[in-house]
Every structure is written in C-alpha cells, then in structure tokens.
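Below you'll find the structure, written out as structure tokens, and then a few comments.
The values are calculated or read from the model by the stated rules, or taken from the named source; none is laboratory data. Just so you know, these numbers come straight off a predicted model, no measurement behind them. Here the Cβ positions follow ideal geometry from the backbone for every residue, glycine too, while neighbour counts run over all protein chains shown. Accessible surface areas use protein heavy atoms only, side chains included; no ligands, DNA or RNA. Shrake-Rupley method; radii C 1.70, N 1.55, O 1.52, S 1.80 Å.
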Amino acid sequence: MSSAKDDAMGAREAPEGCIMALDAGTTSVRAILFDEYGRKVAVAQRPLTMHYPHPGWVEQDPVEILSAQVACMIEVQFKSGIHSDRIHAIGITNQRETVIVWDRQTGQPIYDAVVWQCRRTADAVAEIVEDGYGDLIRERTGLVPDAYFSATKITWILDNVEGAREMANAGELMCGTVDTWLIYNLTRGEVHATDYTNASRTMLFDIHRLDWDDDLCEIFRVPRSMLPEARPSSGSFGEVSPDIMRNHPRITGVAGDQQASLFGHCCFAPGSVKNTYGTGCFMLMNLGPKPVMSSNGLVTTIGIAEGGRVDYALEGSVFQAGSVIQWLRDGLRLIDDAAQTAKIASSVPDTDGCYVVPAFTGLGAPWWRSDARGVIAGITRGTDRARLVRAACESMAYQTYDVLKAMEADSGRSLSSLNVDGGAANNPFIMQFQADLLGMDVVRAASAETTALGAAYLAGLACGFWADRDELAGLAEDEKTYAPNMSPERAAALLEGWHEAVRRTLA
Ligand code: ADP
C-alpha cells in the first residue's frame, strides 16, 4: 500500500506540472521548481557581485541581476527536463528595499542598484527626521525612518546622476525594487508593477490605504510617475516574454523575501511567528487584518496580501546572527566551519557566566542603538575556546528572545511556538537553547526553501495549481521540533546575565 508520501516521492520523479520560483537574493539568484506537493524538484543558482565603491556603500549591477536570473530560469529547465509547457506559473521573491532607476524609453538603468545594506543616505534620513517628519513616516508606513528603506536611495540617484532630476520631472524615468525590475524585463516592458509587501518597505507607501503616499513622495522628492503599480501578492503580473520562455508562463506571485518566508511557513493565523536565522535574524509575526504600531522598536509591515485580504505583520531584525559564527571562523579563527559550532558548544555544560554581545555595528530591535559596540562579558581564567564558541552561539538565541518578547508586548499575544528556518537553524545546539530560553517549542520546517516555497505558493494559488491555504497547510511537514528542557528559574538567571551584558554595550 502506498502512502501519500510515497505517491509524492513517485510524483517527484515525473511531476505533471510545476511552479517556478525565482529567488532573487542579495548574494545569489536562483530558480527553483516545486511540484504539487511543494517539494523541490530542481534548482539553478548564480552568484551576484557586490560592489563597495566607498565605505558603507553597497551596489549591484541591475543587468547582472537580470541576466543571472534568466540564466537560472533556462538552466533549471534543462537540468530537470521540465520545460515551460509544464510550468504553470512563476512566483518571485526578492531582496527587499534595494532600488533600481531606469530610462522609460530605453529600459537601461541610469545607475547601479543601491542595495538595502547601503548607508549612504543615513544623513539624509537624519535631516528628514530633524525636519519633524518622523511621526508622519511612522504612522503611514509603519517603518522606523532609516536609510535601509528605499525612499532616500531613489532620491540619492535623482540628485547625483547627471540629468536624472530633469528626466524624472519629465516622466522619463521609472523605478522599482528588484521584483519590479525583474517583472518589467521578463514581460519586456509590458508590466511595471510591484506587490504590497515590497511596496511596504519603500517608506513611500501608505500601508493603511494600500497606495503610494503623495505627502511622502513630496517629502522624499520622488515623482509619483516613477513608481510602479502596487498589487496584491497573488494575482496577475503579466506573462514572461516568449523569447525568454517559450510557453510564456504567467507571473502570478510576488513577495519580499521575509514575507514570502512567512507565507512559506504557512503562518496564516494571527499570532503565528517565523524567525529566519541567516547572516542576520528576521522575525515576523502575523497580526491579522489590523496593524499594530510598535512601542518596542519593531516595524509594522504588510505581511500577506493574498485572497482578497491583507494581513499585517510586526517585524524585528537582529543585525548580527550567523555573522557571529563567521567572525569566530574568519576573525578569531576558533573554528574551521560553521557546522562545528554545535559540537563544540555542547562539549561544555555552560559558558560559566561568559556572554558575547555581538553589537558589531550597533544593536537593532528592540534596542536601536547604532552607537553600541560589542562586548565579551564575564571572562574568567576558565573561559576557553568551547565556552567562547558557546557564548557566541547563545547570542543568537538571546537576541531572538528579546525580539520575540517585544513582539509579544506590542501584539498583546503570548506565543506557544516559533517556526524557524535559515542556515543557522541547522545548528541543533542553538535551536535547543532557543527552546529552553523561550520555554516554547521551536519548529524547523522540513523544507529548507521556505522563502522560495512561499513565492511558489502565492503563484500557485493564483493560477489554481493549489486550491487554498488549507491545502498548503496540509502539505507542510515539520522536520524537527525542539521542546524546552530547562527550568524557568535557570532560563531567567541566564537572561539576567545577558541583559547585564547588553547594558554594557550601551554604556
Ligand atoms: P543568508 O541568506 O543571510 O546568506 P543563510 O540562511 O544561508 O544566510 O545562513 C548563513 C549564515 O548561517 C552564515 O552566517 C553562517 O555563519 C550561519 N550558519 C550556517 N550554518 C550554521 C550552523 N550549522 N551553525 C551556526 N551557524 C551557521
């Protein structure tokens, strides 16, 4: 007798149809085929070059992003033998906030993509806040005014590329985030659109009215005529041109990477939360149809825009998470590779009071102190390699704890479990410690591709490949659940030590 799972495995060899997800990340782009069971069938990947023309500046070549993405779309078809006649639809997920400005006539970018990490407009944002616009920005966009979001990056291009301001005023320029750039080019200029989740990261979008905001366009001096049409995440974004894919599949799903991951985790119910442990950590909580403004340093954003409704989300980011492990490897040379850390950390019962607070570039949510710098606290003669590695691993869990508590406070909900993904979620020590600190289950999804899967789900719902959210929730499999296994008293004592160490980074 064959189970549903066996059937799925069988179907995996020769799926009748697939959804293609384009995952346009910061360091690489990928095209992934998913079958009807949400299983990854094939993947193609290309790295992207990062340019650092000045300290704190980060750029990418928009044409490289596009051509690498198209190369992946072609390669994954050849690799799998599944061609565009069996690809029902395309979903796009992307690095958020990064912006590209191009000539409406020629389609050529007038400057490189200014990447979300780029700090070149920090002073410009400070000035706008000094001018008294901070509250308006917070109220309308749900965001904390910051150079990280797109608005001032567009302004910078218009002010610094020769002739750009005049062209923009004459309606001769277009702009967009990476999703928009891909859609525009894949449809050969037919569609200039973005989705609500990406729009909500630009600092130009009113998340309550679901429209670009004229006042914000004026404050940031971005002509509205440049902006794409904002649409729900699941629906029509045009057809891929037949000279790129022969059967010109439709693009029917678009979402920013963290929101796509929220959807890929099936965090459909208000109060459900996912945390991605990558270079940094990104935590999102589904708030349902009513936005909640944070009083704890989180941002409010559009979480899911599918099925005729919008669910808002609270988002908190930790800047240094997996990067702390990279620092152990490349900076301190205490380890050879990241995966070693679980064994080393578990070789000692505790850190013996040692804490690493990795405020390398300041602290994010809920502290928001860009002037904070890292601390290793509580060093004794007994602090050895294993304890230091353990303290570095634990720092990811402590920082996540602080963001999650801020979310609980803002939303008035207490959580019962945390869904996780990302590279460092593969570390069993960190995940167990996380469950212990939080006193709740930490659940890792079976699919390591929840972000791309979320984009595929959005596309597949729009084209009828999947019927509804219930069907998607039925596909999801949890790979591993970490249950808490520490007394609340011990967790509280450890947290007290952590917060004492955090205070030292702020001093
Ligand atoms: P990103 O999408 O930000 O590039 P990934 O989700 O690929 O990140 O995760 C990579 C990060 O996770 C790196 O910073 C790496 O140091 C960390 N990492 C990967 N594997 C492990 C592990 N087993 N234990 C701890 N950290 C890990």
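In region 99-127, of all residues being open to solvent by less than 10 Å² (accessible area, probe 1.4 Å) and at pLDDT 95 or above, the one that is farthest from the chain's Cα centre (by Cα) corresponds to TRP102. Among the conditions (1) out of contact with any Cys (no Cβ under 6 Å at 6 or more places or on another chain); (2) within 15 Å of the ligand (Cβ to nearest atom); (3) in the same structural domain as LYS405 (by TED's automatic domain parsing), the only one that ALA260 does not satisfy is (3). Considering region 351-369 alone, what residues qualify as being open to solvent by less than 50 Å² (accessible area, probe 1.4 Å) and either part of a loop (DSSP other than H, G, I, E, B) or more than 15 Å from the ligand (Cβ to nearest atom) (or both)? The answer is THR351, GLY353, CYS354, TYR355, VAL357, PRO358, ALA359, GLY362, LEU363, GLY364, ALA365, PRO366.
Matching residues to (1) among the hydroxyl-bearing types (Ser, Thr, Tyr); (2) surrounded by 20 or more Cβ atoms within 10 Å (Cβ to Cβ); (3) in a loop (DSSP other than H, G, I, E, B); (4) touching a residue at least 60 places away in the same chain (Cβ under 8 Å):
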position	(1), (2), (3), (4)
LEU262	no, yes, no, yes
PHE268	no, no, yes, yes
MET285	no, yes, no, yes
GLY297	no, no, yes, yes
ILE304	no, yes, no, yes
TYR312	yes, yes, no, yes
VAL324	no, yes, no, yes
LEU328	no, yes, no, yes
LEU334	no, no, yes, no
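So in region 270-283, with the set limited to residues that are part of a loop (DSSP other than H, G, I, E, B) and either on the phi > 0 side of the Ramachandran plot or within 15 Å of the ligand (Cβ to nearest atom) (or both), which one is most open to solvent (accessible area, probe 1.4 Å)? My answer is THR279. Scanning region 30-44 for residues that are at pLDDT below 95 and within 16 Å of the ligand (Cβ to nearest atom) returns a single hit, LYS40. The residues in region 309-339 that are out of contact with any strand residue (DSSP E or B) (no Cβ under 8 Å at 6 or more places or on another chain) and more than 7 Å from the ligand (Cβ to nearest atom) can be counted, and the count is 11.
When region 423-443 is limited to residues that are open to solvent by 30 Å² or more (accessible area, probe 1.4 Å) and more than 17 Å from VAL403 (Cα to Cα), the one that is nearest to the ligand (Cβ to nearest atom) turns out to be GLY423.
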